[in-house]
1. Which numbered condition trips up A:THR109, out of (1) at pLDDT below 95; (2) hydroxyl-bearing (Ser, Thr, Tyr); (3) closer than 20 Å to B:MET89 by Cα?
2. Could you list, in sequence order, the residues of the range A:1-37 that are of a type in the set (Gly, Ala, Ser) and at pLDDT 95 or above?
3. Could you tell me which of the residues A:SER12, A:SER26, A:SER73 is in contact with a strand residue (DSSP E or B) (Cβ under 8 Å, 6 or more places away or on another chain), within 19 Å of A:PRO115 (Cβ to Cβ) and in contact (Cβ under 8 Å) with a residue 40 or more places away in the chain?
4. Scan the range B:1-51 for residues that are of a type in the set (S, T, N, Q) and part of a loop (DSSP other than H, G, I, E, B) and jot them down.
5. Looking at A:SER70, A:SER52 in this structure, which one is out of contact with any helix residue (DSSP H, G or I) (no Cβ under 9 Å at 6 or more places or on another chain) and at positive phi?
6. Which of the residues belonging to the range A:67-99 are away from chain B (no Cβ under 14 Å), over 18 Å from A:SER26 (Cβ atoms) and under 10 Å from the mean Cα position of the chain (by Cα)?
7. Please indicate, with yes or no, whether at least one residue in the range B:52-72 is surrounded by fewer than 17 Cβ atoms within 10 Å (Cβ to Cβ) and at positive phi.
8. Restricting the search to the range A:39-66, which residues are within 11 Å of chain B (Cβ to nearest Cβ) and hydroxyl-bearing (Ser, Thr, Tyr)?
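The values are calculated or read from the model by the stated rules, or taken from the named source; none is laboratory data. Keep in mind the model is a prediction, meaning the values are calculated, not measured. All Cβ positions, even for glycine, are placed from backbone atoms using ideal geometry, and neighbour counts span all protein chains on display.
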Amino acid sequence: AQSVTQLGSHVSVSEGALVLLRCNYSSSVPPYLFWYVQYPNQGLQLLLKYTSAATLVKGINGFEAEFKKSETSFHLTKPSAHMSDAAEYFCACPLGDTGRRALTFGSGTRLQVQP
Amino acid sequence: EPEVTQTPSHQVTQMGQEVILRCVPISNHLYFYWYRQILGQKVEFLVSFYNNEISEKSEIFDDQFSVERPDGSNFTLKIRSTKLEDSAMYFCASSEGGQRTDTQYFGPGTRLTVL
């Protein structure tokens, strides 16, 4: 079965600093990968997704992620953090190798942005 | 922008009672999902639904749970006899198609508290 692991349950950065949130995947086949963001009291919103096309994926709000097969990683980055980026971020991939649409999620990383 | 809506936002119930959580998926979407997140834990898949029948379900989705699309707009999750461990945030999601790369759009969630 496919799975994702997020390293770091909490990340704190200063406003304007680089944001790096880590996600590693475990899969026997090239996976599809998603990053979702959850703002307080809201649902999960898709930031970006990797679908085996370009390895560098650009998303909303200035976020991007790079698929690195050699490292089995799909880390999320943003060059300059903004206060409004404070939220919880989830990496996800489809369960199973084929056919299944259900998503499995990482444990989440809470991003704090300090003024 | 179309969005998934869920009602109620918060439901408090006594153990053993039946609850129905309601969702209105995005209107042209064909696939519907329920996920849940127990406080402090990962978002977990419960069930997916297509063409008026369950297409996938997890081990969590036992006989206590059922889903229904009672009309052309609502999608419901019923828990027949709630247990303390059913306390969680329940998210509804929908996707336009059934491809593994299709984005699942999530609602804001219903927080279920079982006393």
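1. Failed condition: (1).
2. A:SER12, A:SER14, A:GLY16, A:ALA17
3. A:SER12
4. Answer for the range B:1-51, where residues must be of a type in the set (S, T, N, Q) and part of a loop (DSSP other than H, G, I, E, B): B:SER9, B:GLN14, B:GLN17, B:SER27, B:ASN28, B:GLN41, B:ASN51.
5. A:SER52
6. Of everything in the range A:67-99, just one residue is away from chain B (no Cβ under 14 Å), over 18 Å from A:SER26 (Cβ atoms) and under 10 Å from the mean Cα position of the chain (by Cα), namely A:THR77.
7. Looking for residues that are surrounded by fewer than 17 Cβ atoms within 10 Å (Cβ to Cβ) and at positive phi, one finds at least one in the range B:52-72, hence yes.
8. A:TYR39, A:TYR50, A:THR51, A:SER52
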